[in-house]
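The values are calculated or read from the model by the stated rules, or taken from the named source; none is laboratory data. These numbers were taken from a predicted model, which means no experiment stands behind them. All Cβ positions, even for glycine, are placed from backbone atoms using ideal geometry, and neighbour counts span all protein chains on display.
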């Protein structure tokens, strides 16, 4: 049966498989290949940048975490605190006291009519003029001044301040030389020759110090002052003129007492001493820079210098001294009086310095043995 069935229903033979022919892709051109290369390059750059940033973030995270586990090294610092001392109210009080002495403005405005008006002022009452006592003008002035500044300010300001020694209002006085001014400068020649001649004249060093301290004490609060000692070099009390307040006066008196040169020499190695090879010319030039309006010079009128720095000392030519004296009036105030107090000067020096002081508006006084 099987054989018969096989023969009766034969299966059709399978058709042979046909192989599909693959279509050949066209070869890329140069442009396409360049584009593909650019895309590959851009992709590699982006991937590299991402990798670099990821690595950097990891390193930063590790460093941040490591910071919390490491303790900083202890450091001890001492910072300097700059403190400015508070200003004392002494200066303001003194200035206010000085301003209070100035006369106050008066107003004398009157009601004046230049044409008739609708109303009229009432008539003044009748006063018997015979019953009015005569008024003394001096009493009125004294009452007004006392009401403005008080009796204490009047005594110290007008009495002792405006006068050098006795409160008469004539100015200041130094060894009998009277002067007036608000910016006073004292120049002291403390060389050995001056000290010896002053003692021969009966005026020892202590007497000069006492006279200086007395004059400082009589300066009014509205004035300014300073002092300079010199031999060849010089030593100023202050760099500029200072107000004549009680505190500054006390400092100047202490400086005269403690810093006064008694040896006749002044070494440039000492503190506050300025080297000077031009003698009195350099001192007068330094004085001119302080802009005084009156100068006192105490010396024996014998000055030497060595401007070139070599060789020995020579007498200062009077032409140079005259130029230095004229430089004192180079400021806005014009001519500055120079008053010279001399101890045993030579006759030639007396003639020259008399001319110089008179031309400046000052005086020349020679102190001799009485």
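Within the range 195-202, does at least one residue satisfy the condition of being under 29 Å from residue 91 (Cα atoms) and touching a strand residue (DSSP E or B) at 6+ places or on another chain (Cβ under 8 Å)? First the steps, then the outcome.
The first filter runs over the range 195-202 and keeps only residues under 29 Å from residue 91 (Cα atoms), leaving none.
Scanning the range 195-202, I find no residue that is under 29 Å from residue 91 (Cα atoms) and touching a strand residue (DSSP E or B) at 6+ places or on another chain (Cβ under 8 Å), so the answer is no.
Restricting to the range 351-370, and then to whatever is assigned to a loop (DSSP other than H, G, I, E, B) and out of contact with any helix residue (DSSP H, G or I) (no Cβ under 7 Å at 6 or more places or on another chain), can you tell me which residue is farthest from residue 203 (Cα to Cα)?
Out of the qualifying residues, it is 361.
Helices (runs of 4 or more DSSP H) wholly in the range 1-101 with at least 1 residues that are out of contact with any strand residue (DSSP E or B) (no Cβ under 7 Å at 6 or more places or on another chain) and at pLDDT 80 or above - which ones?
30-69
Find the residue count for the range 172-194, including only residues that are more than 23 Å from residue 241 (Cα to Cα), buried (at least 16 other Cβ atoms within 10 Å of the Cβ) and in contact with a strand residue (DSSP E or B) (Cβ under 7 Å, 6 or more places away or on another chain).
1
In the set 308, 320, which member is out of contact with any strand residue (DSSP E or B) (no Cβ under 6 Å at 6 or more places or on another chain) and either assigned to a helix (DSSP H, G or I) or closer than 17 Å to residue 177 by Cβ (or both)? Reasoning before the result, please.
Values: 308 fails: either assigned to a helix (DSSP H, G or I) or closer than 17 Å to residue 177 by Cβ (or both).
Of 308, 320, the one residue that is out of contact with any strand residue (DSSP E or B) (no Cβ under 6 Å at 6 or more places or on another chain) and either assigned to a helix (DSSP H, G or I) or closer than 17 Å to residue 177 by Cβ (or both) is 320.
Based on this model, can you work out whether residue 254 counts as at pLDDT 90 or above, over 20 Å from the mean Cα position of the chain (by Cα) and under 15 Å from residue 190 (Cα atoms)?
No; evaluated as a whole, the condition is false for this residue.
Restricting attention to the range 262-281, does a residue exist that is loosely packed, with under 15 Cβ neighbours inside 10 Å and assigned to a helix (DSSP H, G or I)?
no
Taking residue 242 as the residue in question, decide whether it is touching a strand residue (DSSP E or B) at 6+ places or on another chain (Cβ under 7 Å), within 22 Å of residue 195 (Cβ to Cβ) and modelled with pLDDT of 90 or more. Steps first, answer last, please.
Details: touching a strand residue (DSSP E or B) at 6+ places or on another chain (Cβ under 7 Å): yes; within 22 Å of residue 195 (Cβ to Cβ): no; modelled with pLDDT of 90 or more: yes.
It is false that residue 242 is touching a strand residue (DSSP E or B) at 6+ places or on another chain (Cβ under 7 Å), within 22 Å of residue 195 (Cβ to Cβ) and modelled with pLDDT of 90 or more.
Which of the residues belonging to the range 223-244 are touching a helix residue (DSSP H, G or I) at 6+ places or on another chain (Cβ under 6 Å), crowded, with 19+ Cβ neighbours inside 10 Å and either free of Cβ contacts under 8 Å to residues at least 40 places away in the same chain or over 16 Å from residue 298 (Cβ atoms) (or both)?
237, the sole residue that qualifies.
Filter the range 282-299 for residues that are surrounded by fewer than 20 Cβ atoms within 10 Å (Cβ to Cβ), touching a strand residue (DSSP E or B) at 6+ places or on another chain (Cβ under 8 Å) and more than 13 Å from residue 227 (Cβ to Cβ) and give the result.
291
Select from the range 159-205 the residues that are within 19 Å of residue 363 (Cβ to Cβ), within 34 Å of the chain's Cα centre (by Cα) and modelled with pLDDT under 85 and list them in ascending order.
163, 164, 165, 170, 171, 172 - these are the residues of the range 159-205 that are within 19 Å of residue 363 (Cβ to Cβ), within 34 Å of the chain's Cα centre (by Cα) and modelled with pLDDT under 85.
Are any residues in the range 329-350 touching a residue at least 60 places away in the same chain (Cβ under 8 Å) and not in a loop (DSSP other than H, G, I, E, B), and if so, which ones?
Once the filter is applied, which keeps residues that are touching a residue at least 60 places away in the same chain (Cβ under 8 Å) and not in a loop (DSSP other than H, G, I, E, B), the range 329-350 yields 339, 341, 343.
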